[in-house]
Amino acid sequence: MNYEVVIPAAGQGKRMNAGKNKQFIELEGKPVIAHTLTVFEADPSCTGIILVINEAERDEFMDMIERYSFSKIKKMAGGGAERQESVYNGLKHASEPIVFIHDGARPFIEYPVLQELAAAAEREGAATLAVPVKDTIKRVEKGEVLETVERSSLWAVQTPQAFRLSEILHAHKDAELHHYQGTDDASLIERLQQKVHVITGSYANLKLTTPEDLLIAEAILKQRKGEINHDTNRTGI
Ligand SMILES: Nc1ccn([C@@H]2O[C@H](COP(=O)(O)OP(=O)(O)OP(=O)(O)O)[C@@H](O)[C@H]2O)c(=O)n1
Ligand SMILES: C[C@](O)(CO)[C@H](O)COP(=O)(O)O
C-alpha cells in the first residue's frame, strides 16, 4: 500500500533547550531529521515526503537534503505556530489516498509496522501507533493529586499516524473552523466521532523531547550496531 508522509519539523525544541532546532542535533554524526527521513526514503511504498520546516532554516534543510541525497522530498512547506498548523500546511500538498503524519523528532521508526499502518488506514480510515503506559498516571492540580487514572486502558500514542487523505484534510479544516487545538492528528478524527485503530508500536519509537532522550537515542543506535546486547525484541506487549 503506497503512502505519502508529512513530516513536521518546524518546532522550536524548547524542552530540548539545545539552542537550536532539535532536528539538527547529531546522533552518531547524523542529524535527527536525517535519521527520520532515511526510513521513508528507503521504503518503496513511500511515494513522497512533505517536510514542514521553519522558513528561516530552509538553507540548513536544503544542505542536509543534498548531503544525504534524499530524493523523495516533494515539498518543503512552511510551519505554523503550533504543530497542528504545521501539519495542516503540509497536508495541503499531499495527493496519495493514504497519508502518514510522522514527527521529525521520532527517528527510530522501523519498517514492518509501516505497511500495517497503511493497510489499517485504508481499511479503517485512521490508525495510530501506541504503546501501553508503564507508569501510574495521576491528574494533578496545584501540586496535589486529583485522581489516579486507571492504567489498564491507557496507551501512550506515537507517530506515524495514518489516514485517508480526504478524511484527515476534512478533520483539520473542521478543527481550524472551530478553533479546536489537539496535540495529535488522530484526536481531530476522534472529535468527529470517527474511529481510530491502534497498532502496538515499540517503546524505542520515542520522541526526542528533553535532553535525557538523547542519551536513550545514543543507546538505541549503539544497540542497533551490536555494541550493546540488551535484546529489546523480547518486550512483552
Ligand atoms: N509549531 C510546530 C511545533 C512542532 N512541530 C514538530 O512536531 C514534532 C513534535 O513536536 P515537539 O516534539 O513538541 O517539538 P517542538 O515543538 O520543537 O518541541 P518543544 O515543544 O519542546 O518546543 C516535532 O518534529 C516538531 O518539529 C512543528 O512542525 N511545528
Ligand atoms: C503527536 C505526538 O507525537 C503523539 O504522542 C505528540 O502528541 C506530539 O506532542 P508535542 O508536544 O507536539 O511533541
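The values are calculated or read from the model by the stated rules, or taken from the named source; none is laboratory data. The structure displayed is predicted, hence computed values, not measured ones. Quick reminder, even Gly has a Cβ in these numbers, built from the backbone with ideal geometry, and neighbours come from all protein chains shown. Side chains included, ligands, DNA and RNA excluded: accessible areas come from the protein's heavy atoms. Shrake-Rupley method; radii C 1.70, N 1.55, O 1.52, S 1.80 Å.
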Residue in region 46-54 that is of a type in the set (S, T, N, Q), more than 17 Å from the chain's Cα centre (by Cα), more than 16 Å from ligand 2 (Cβ to nearest atom) and under 24 Å from Ile168 (Cβ atoms) present: yes
Tally of residues being in contact (Cβ under 8 Å) with a residue 40 or more places away in the chain, under 18 Å from Val6 (Cα atoms) and open to solvent by less than 50 Å² (accessible area, probe 1.4 Å) across region 176-196: 6
Answer residue from region 12-31, given it is more than 9 Å from ligand 1 (Cβ to nearest atom) and in a loop (DSSP other than H, G, I, E, B) and is least open to solvent (accessible area, probe 1.4 Å) among those: Ile25
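Each row is one residue, and each column tells you yes or no for (1) within 14 Å of ligand 1 (Cβ to nearest atom); (2) of a type in the set (Ser, Thr, Tyr); (3) closer than 21 Å to Asn205 by Cα.
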site	(1), (2), (3)
Gly90	yes, no, no
Ser95	no, yes, no
Ile98	no, no, no
Ile101	yes, no, yes
Gly104	yes, no, yes
Glu116	no, no, yes
Ala121	no, no, yes
Ala126	no, no, yes
Residue match in region 70-84 (condition: closer than 30 Å to Asn233 by Cα and at pLDDT below 95): no
Long-range neighbours under 8 Å by Cβ, at least six apart or interchain, first residue without any contact (Cβ under 8 Å) to a residue 24 or more places away in the chain and away from ligand 1 (no atom under 16 Å from the Cβ) within region 197-225, second open to solvent by 60 Å² or more (accessible area, probe 1.4 Å) and in a helix (DSSP H, G or I): Gln223/Thr232
Residue match in region 144-155 (condition: modelled with pLDDT of 95 or more and surrounded by 14 or more Cβ atoms within 10 Å (Cβ to Cβ)): yes
Top-ranked residue in region 92-108 [being within 12 Å of ligand 2 (Cβ to nearest atom) and open to solvent by 10 Å² or more (accessible area, probe 1.4 Å); ranked as nearest to Leu215 (Cα to Cα)]: Arg106
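Within 11 Å of ligand 1 (Cβ to nearest atom) and touching a helix residue (DSSP H, G or I) at 6+ places or on another chain (Cβ under 6 Å), is that true of Ala77?
When the stated conditions are applied, Ala77 passes them.
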Options Ala56, Ala9, Ala42, Ala34; residue that is surrounded by fewer than 17 Cβ atoms within 10 Å (Cβ to Cβ), within 14 Å of ligand 1 (Cβ to nearest atom) and either modelled with pLDDT of 95 or more or within 22 Å of Ala94 (Cα to Cα) (or both): Ala56
